[in-house]
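Heads up, the thing below is written out as structure tokens.
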Amino acid sequence: MPQSRFACFAIALPLHRVFDYRIASDESVVVGARYRLPFGNGVKTGILLDASDISELDPDRIKPVQERLDDAAVINEHMLSLARWMSDYYLQSLGEVVFQCLPGYLRGLRPHNPVRVKRWRLAKPDPDLIAGLKRRSPRQFEICDALSRHESGLTAIQLKQINPAWHTVVKALESRQLVQWEWMDQPVLEVPADDLPRLSPEQHDCLVELEPRMDRFAVHLLDGITGSGKTEIYLRLIQGRLALDLQVIYLVPEIGLTNQLIERVEQRFGECFAISHSGLTEFQRYRAWDRFRRGEVRIMLGTRSSLFSQCDRLGLIIIDEEHDQSYRQDDGVRYHARDVAIKRAQMLDIPIVLGSATPSLETIANCSRDTYFRYRLDRRPTRFAPPPIQLIDVRNSRFEFGCAGQTFTHIEQHLAQAGQVLIYLNRRGFAPIVMCHECGWQSLCQNCDARLTLHQSVKTLLCHHCGFAQAVPEVCPECGNTEIRHYGIGTEQLEQGLIQRYPDTTVLRIDRDVIASRAALKSRLKQLQTGQPCILIGTQMIAKGHDYPAITLSVILDADQALFSASYRASERLAQTLFQVSGRSGRGDREGEAIVQTRFADHPLMQALSQRDYRDIADDLLQERRLLGFPPYARVVIFRADAIELKAALARLEDIRAVLETARRFDALSCVGPMPALMTRRVGRYRAQLALISQDYQALRSVLQQSMPALEQLASSARVSWSIDVDPPDL
Ligand code: ADP
Ligand code: ZN
Ligand code: ZN
């Protein structure tokens, strides 16, 4: 009779193994629960994966667990299987993957207590009383007014959207007995509003095809031009799932989760959804996760990691803007949320819907598989088609803060007709280059192979890669000359120039520097919503997802760089950006225009972009990829190393290459490197890479599987560390 049992645990360490511990025989074994485990001289949190009566290790050397932290599993069987698949596919440590699948709040030793949510409502829904508040206490009025429009009450998160300082206001209202709270355990599922928009014939046909396919696994691509009403289709599909008592995960890119979308979902489904994104605290995200898990809410609307939301009755996954790069996680556990979502849907035998106006080439290529369905939406339900992309040849133009004369003419025309103008410039700061006019000195980062960007408003030179900052020098540090100049244009300079040129026009800037909080973003987007003429300047944050009907002109300032990029994805990305940005305009009752400043108007890609639609261009780009043997017609795995010296990083990759070379079928792969990475020094470390490329996926897998045991012996250390990147976003 064994006195104790053995269990193996996943621990968040970059080691490709699990850890055995002893469990007293009278203790119940809970797969998927967290345990506190002795580890070295400290403790770690582990998730119990499996238990048995025997261990392969010397039983006397196996330590007992200290304590079980959860009464029940925090990670269910399905999610554990998904984690195993991810670990195997992405060659990441199972322990790290398992913990990645949990909300950050539960990755340590914190207790998991089912959280109850409060909901506030009006104690006396008396319109006169509320109106009376208007003058005396506008803040109380604002809250009461909102509550009077939500009979079932509002949660803290919702109140916070009305007023960030809602808490004190509500406290005051409570003490006056105007407002009261209650626990919210069961959501009120509001009956969908009667005034649903009439579906366009295209939307209708698309749904007629989709609906009967919702009972099993398949990947559905909504390949619909910008503004063709994909969101409306998602909402109808969700409605159908909810009617069957199923739950839905709805993923959007990081910046796609704006109030506009939240309001749309709320209008349709009331309160039965949770929101999760990186702007929330760990605790808020945990609470959203828990509410969805318990079925208290039935829709999870969130960014990348919301994919790991658990529930009993998942019936649909939606991935909006499936081409978006924010679905790829590039630090810690490397994975692509779209691809993991497809696997998850397959494991659960449920449908997954991808949507985009500019689908990734991978997805387009996958559409030839028999589990993929592609639906085209070629029309906007509103009046005007997306504008064609017009090239503005600026070879002989005079520029002012990055804009050519012809560009100003367009801007002025649209402002004069009370349109809103969107200007896309994917470079924040004032100027990207600061130089001494005398000796050629340049402001370089001391930690990275990169220039420091001038940020005029804070009088700082800033590295966009490591955050290194220094004051702008008054004289050249090399020669003492006082003539230090800046070159190139960033959004800050563009904003300043436009404000000077158009003093009577509102100029709004949206980039990472001004949008420190979601509230700041929200207030700017609110201004757009008013429809008043204005100029909106922004980085990629403004490129996608937004639906502001008053925008009539989209301007793209610096598209040219992409024509000469070393990345094999540059053309695809340029096409996506141009079609997305141009697609922001002409969504209302006025026709839109889209212009691109370029010095290379004759370039074949520029010509194609201005004359053909995205699908045509994508088909051509796919042909090119096929000829060159790049993804999606080949698979890539990159080994990355970084070290305090370049030599050490390269040497580690030589070791890795030596291991790989001993594997059978190595000759079926092309192996590029070791070589220094594109930006070799970054955040103080030297980086190098070794890429494996193959059209023969089986051979690639086989080489990696044979090599892993030996590779795991090459431990990472502070001096030199290495990692594997499967399906990297670039070479
Ligand atoms: P997409 O997600 O394809 O870019 P949206 O779903 O945001 O497009 O729709 C674009 C605009 O068209 C939105 O303002 C939306 O309210 C409107 N819209 C969508 N479907 C319809 C419809 N059937 N009738 C009228 N307007 C619609
Ligand atoms: Zn100098
Ligand atoms: Zn730096």
(request) Based solely on C-alpha atoms, express the radius of gyration and the Dmax of segment 118-183 in angstrom. (result) 10.4, 31
(message) Counting other C-beta atoms within 10 Å, and keeping those with at most 11, which DSSP coil GluC sites (Glu not before Pro) do you find in segment 93-188?
(response) Glu151
(message) In whole Å, what are the extents of segment 122-269 along the principal axes defined by its C-alpha atoms, from largest to smallest?
(response) 55, 31, 29
(request) Give me Rg over Rh for segment 310-453, both radii from the alpha carbons and Rh done the Kirkwood way, two decimal places. (result) 1.10
(message) Which one, Val208, Gln284, Leu221, projects farthest toward the positive side of the charge dipole computed for segment 201-377 from Cβ point charges (K/R +1, D/E -1)?
(response) Gln284
(message) What translational diffusion coefficient, to the nearest whole µm²/s, does segment 432-553 have by Stokes-Einstein, given a Kirkwood radius computed over alpha-carbon pairs, a temperature of 4 °C and 1.567 mPa s viscosity?
(response) 79 µm²/s
(message) For segment 433-487, compute the orientation-averaged projected area of the C-alpha convex hull (one quarter of its surface), in nm².
(response) 3.5 nm²
(request) Express the Stokes-Einstein translational diffusion coefficient of segment 524-572 in µm² s⁻¹, to the nearest whole number, given a Kirkwood radius over alpha-carbon pairs, 25 °C and a viscosity of 0.890 mPa s. (result) 188 µm²/s
(message) Quick check: convex hull over the Cα atoms of segment 6-106, volume per residue in Å³, rounded to an integer?
(response) 104 Å³
(message) Give me, ordered by chain and number, the residues 5 or more places off Tyr335 or on other chains with an amide H under 5 Å from its own placed amide H.
(response) Gln329
(request) Figure the gain on full extension for Arg135 and Arg110 (residue separation times 0.36 nm, minus the Cα-Cα span) and round it to one decimal in nm. (result) 4.4 nm
(message) Please report, in whole Å³, the volume per residue of the convex hull around the C-alpha atoms of segment 635-726.
(response) 79 Å³
(request) Please list the non-local residues whose amide H lies under 5 Å from the amide H of Asp558, H modeled 1.01 Å from N, same-chain partners needing a gap of 5 or more. (result) Asn426
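With both partners inside the chain, how many of the DSSP beta bridges are antiparallel, as a percent to the nearest 5?
Values: 68 of 121 bridges.
Taking every DSSP beta bridge within the chain, about 55 percent pair in antiparallel fashion.
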(request) Sort the following peptides by mean Cβ neighbour count (other Cβ atoms within 10 Å, averaged over residues), highest first: 530-536, 280-286. (result) 530-536, 280-286
(request) Would you mind giving the average projected area, over all directions, of the Cα convex hull of segment 201-377 in nm² with one decimal? (result) 9.7 nm²
(request) With a/c under 1.5 counting as rounded, go ahead and sort segment 369-472 into rounded, prolate or oblate using the C-alpha gyration tensor (a ≥ b ≥ c being the square roots of the eigenvalues; past the cut-off, prolate if a/b is larger than b/c, else oblate). (result) oblate
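Can you give the extra length, in nm with one decimal, that the chain gains between Gln532 and Asp312 once fully stretched, where that is 0.36 nm per residue apart less the Cα-Cα distance?
Numbers: separation 220, 0.36 × 220 = 79.20 nm, distance 4.63 nm.
So the chain would gain 74.6 nm between Gln532 and Asp312.
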(request) Could you give log10 I(q)/I(0) at q = 0.09, 0.12, 0.15, 0.19 Å⁻¹ for segment 513-646, computed by the Debye formula over C-alpha point scatterers of equal weight, without solvent? (result) -0.38, -0.64, -0.88, -1.12
(message) Rounded to whole Å, give me the distance from the Cα center of segment 648-692 to that of segment 303-379.
(response) 30 Å
(message) Looking only at segment 201-377, where both bridge partners belong to it, what percent of the DSSP beta bridges are antiparallel (to the nearest 5)?
(response) 5 percent
(request) Jot down the per residue volume, in cubic angstrom and as a whole number, of the convex hull over the alpha-carbon atoms of the chain. (result) 203 Å³
(request) Would you work out if segment 610-680 is rounded, prolate or oblate? Take a ≥ b ≥ c from the square roots of the eigenvalues of the alpha-carbon gyration tensor; rounded if a/c is under 1.5, else prolate when a/b is larger than b/c, oblate otherwise. (result) oblate
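Only helical DSSP H runs with n ≥ 4 go in: add -39500 (n - 2.57) per run for the chain, normalise by residue count and round the 222 nm mean residue ellipticity to 500 deg cm²/dmol.
For the chain, the value works out to -9500 deg cm²/dmol.
Read the figures in this text as sums done on the coordinates, not as results from a lab. What you are looking at is a predicted structure, and each value in this text was computed from that prediction instead of being measured. In this analysis, Cβ positions are derived from the backbone assuming ideal geometry, glycine residues included, and neighbour counts consider all displayed protein chains.
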